[in-house]
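As structure tokens, the structure follows; a few thoughts come after it.
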Amino acid sequence: MKKLVVLVLTAGTFYTASAQVQFGVKAGANFATLSGSGSDGAKTKVGFHGGAFAHIPIANSFFLQPELVYSAQGATATEDGMDVSVNQNYLNIPVLVKYHHESGFFGETGPQMGFLLAANVKAGGMSQDVKSSYKSTDFSWAFGVGYTLSSLPAGIDVRYNLGLTNIPAESSTDHTVKNSVFQIGVFYMFGGKD
């Protein structure tokens, strides 16, 4: 029994030592809006996301991918004939489990914690700070797919972040407002392909 335990520990140590953790950068477009019963009339706002990630092997074809991503979110609307833009800037930290197929395609999912950096509303050429109107943290769940190029340690990904937190600071039991963000981006991994 002791020999088996030693063998398993040795194999695990060897795998961990040989597993190559990679780091990368990513950037792309956000198509964000606000959803829920308190977000009537909210339309899509185009924004930007960008950040860095680690790509950590955990098992055959499976990886853990923690990220640190700046994300411009919010929504647009029209009120009394006037265009209104709700702008929210988040620092998002998703921790994804990623399955990577040998063809280059991958799927990923996992939780994401967002920290509100700034928020304002713009209308009629004027801007008002509304950060205090929103909760400082936002929990969501990410679902994504993508493709890693065969010739480069780079690729494209498509992701949907489903907001789970009712984000107004003064939460109402009658109405909910949640973030809803669709992302398209590109990424590059340093140190070669996985």
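Numbers at a glance
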read-out: Residue, farthest from residue 48 (Cα to Cα), within segment 60-88, restricted to residues that are charged (D, E, K, R) and part of a strand (DSSP E or B); value: 79
read-out: Segment 30-47, residues that are of a type in the set (A, V, I, L, M, F, W, C) and surrounded by 14 or more Cβ atoms within 10 Å (Cβ to Cβ); value: 31, 32, 34, 42
read-out: All positions within segment 120-163 that are surrounded by fewer than 17 Cβ atoms within 10 Å (Cβ to Cβ) and of a type in the set (Ser, Thr, Tyr); value: 127, 132, 133, 136, 137, 147, 150, 151, 160
read-out: Looking only at segment 89-113, and only at residues there that are hydroxyl-bearing (Ser, Thr, Tyr) and not in a loop (DSSP other than H, G, I, E, B), the one that is nearest to residue 30 (Cα to Cα); value: 90
read-out: Odd one out for residue 83 among (1) modelled with pLDDT under 85; (2) among the charged types (D, E, K, R); (3) under 30 Å from residue 124 (Cα atoms); value: (1)
read-out: Hits in segment 71-91 - residues which are without any contact (Cβ under 8 Å) to a residue 40 or more places away in the chain and within 19 Å of the chain's Cα centre (by Cα); value: 89, 91
read-out: Failed item in (1) at pLDDT below 95; (2) closer than 18 Å to residue 179 by Cα; (3) touching a strand residue (DSSP E or B) at 6+ places or on another chain (Cβ under 8 Å); (4) not aliphatic (A, V, I, L, M), with residue 48 passing the rest; value: (1)
read-out: Contacts under 7 angstrom Cβ, first residue in segment 126-154 being more than 30 Å from residue 168 (Cβ to Cβ), partner surrounded by 15 or more Cβ atoms within 10 Å (Cβ to Cβ) and among the small types (Gly, Ala, Ser), 6 or more apart; value: 146/155; 147/155; 148/155; 149/155
read-out: Candidate set from segment 114-136 (those that are assigned to a strand (DSSP E or B) and hydroxyl-bearing (Ser, Thr, Tyr)); member that is farthest from the chain's Cα centre (by Cα); value: 127
read-out: Test for residue 69: is it surrounded by 15 or more Cβ atoms within 10 Å (Cβ to Cβ), at pLDDT below 95 and of a type in the set (A, V, I, L, M, F, W, C); value: no
read-out: Test result for residue 105, within 30 Å of residue 151 (Cβ to Cβ) and either surrounded by 15 or more Cβ atoms within 10 Å (Cβ to Cβ) or of a type in the set (Phe, Trp, Tyr) (or both); value: yes
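Conditions tested, residue by residue: (1) part of a strand (DSSP E or B); (2) of a type in the set (Lys, Arg); (3) at pLDDT below 95; (4) over 23 Å from the mean Cα position of the chain (by Cα).
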residue: 138; (1), (2), (3), (4): yes, no, no, no
residue: 147; (1), (2), (3), (4): yes, no, no, no
residue: 171; (1), (2), (3), (4): no, no, yes, yes
residue: 176; (1), (2), (3), (4): no, no, yes, no
residue: 186; (1), (2), (3), (4): yes, no, no, no
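The values are calculated or read from the model by the stated rules, or taken from the named source; none is laboratory data. Note that the structure is a prediction, hence the values are computed from the model and not measured. Positions of Cβ are backbone-derived with ideal geometry, glycine not excepted, and every protein chain shown enters the neighbour counts.
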